[in-house]
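The values are calculated or read from the model by the stated rules, or taken from the named source; none is laboratory data. Because the structure is a prediction, the values reported are computed rather than measured. Reconstructed Cβ throughout: ideal geometry from the backbone, glycine too, with neighbour counts over all protein chains shown. Protein only, heavy atoms only, side chains kept; ligands, DNA and RNA dropped before computing areas. Shrake-Rupley method; radii C 1.70, N 1.55, O 1.52, S 1.80 Å.
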Amino acid sequence: MVNHRTVGDRATHLSPEDLAALRESLHEQRLFRQEQLRQIAAPPRAEDLLRRRSAAQAEVHVKVAASARMVLADVEAALRRIAEGRYGICHLCRRPVERERLMIVPQARYCARCQQVREAGR
């Protein structure tokens, strides 16, 4: 979706070039997270077996894998939104997500205001 609205004096327009760059960034993130998850799932190396993981190391390993799966799911959802023409619209208020926000967090589902509200409610 190419968005041509302006909120205040902030343009939220996503040009075709912006959308292409965001799609490429999301594809790169997907590849990175998939590789990260492959490495986490790989059988331990001999030296790792000799050292045996501590409980704390195992916990970190589990949390990193969970985080990678969560980000991968967000990235794939953003790629689906692009394919369906729904990309760049806040899931809560239905207003455009700021271009600057998408350039920093291309998988963002919420505009900055709604994201702050969600985080304050946690």
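If the condition is being open to solvent by less than 60 Å² (accessible area, probe 1.4 Å) and either part of a helix (DSSP H, G or I) or modelled with pLDDT of 85 or more (or both), then region 31-51 contributes 33, 34, 36, 37, 40, 48.
For region 3-13, state whether one or more residues are modelled with pLDDT under 75 and touching a Gly at 6+ places or on another chain (Cβ under 7 Å). Within region 3-13 (the criterion being modelled with pLDDT under 75 and touching a Gly at 6+ places or on another chain (Cβ under 7 Å)), the answer is yes, since at least one residue qualifies. Restricting attention to region 68-103, the residues that are of a type in the set (A, V, I, L, M, F, W, C), part of a helix (DSSP H, G or I), touching a residue at least 24 places away in the same chain (Cβ under 8 Å) and open to solvent by 40 Å² or more (accessible area, probe 1.4 Å) total 1.
With the structure loaded, tell me whether residue 59 is closer than 30 Å to residue 41 by Cα, among the acidic types (Asp, Glu) and open to solvent by 70 Å² or more (accessible area, probe 1.4 Å) or whether it fails that test. Full working, then the answer.
Numbers: closer than 30 Å to residue 41 by Cα: yes; among the acidic types (Asp, Glu): yes; open to solvent by 70 Å² or more (accessible area, probe 1.4 Å): yes.
Spelling it out, residue 59 is indeed closer than 30 Å to residue 41 by Cα, among the acidic types (Asp, Glu) and open to solvent by 70 Å² or more (accessible area, probe 1.4 Å).
Looking across region 104-122 at every residue that is within 19 Å of residue 23 (Cβ to Cβ) and free of Cβ contacts under 8 Å to residues at least 60 places away in the same chain, the one that is most open to solvent (accessible area, probe 1.4 Å) is identified as 104.
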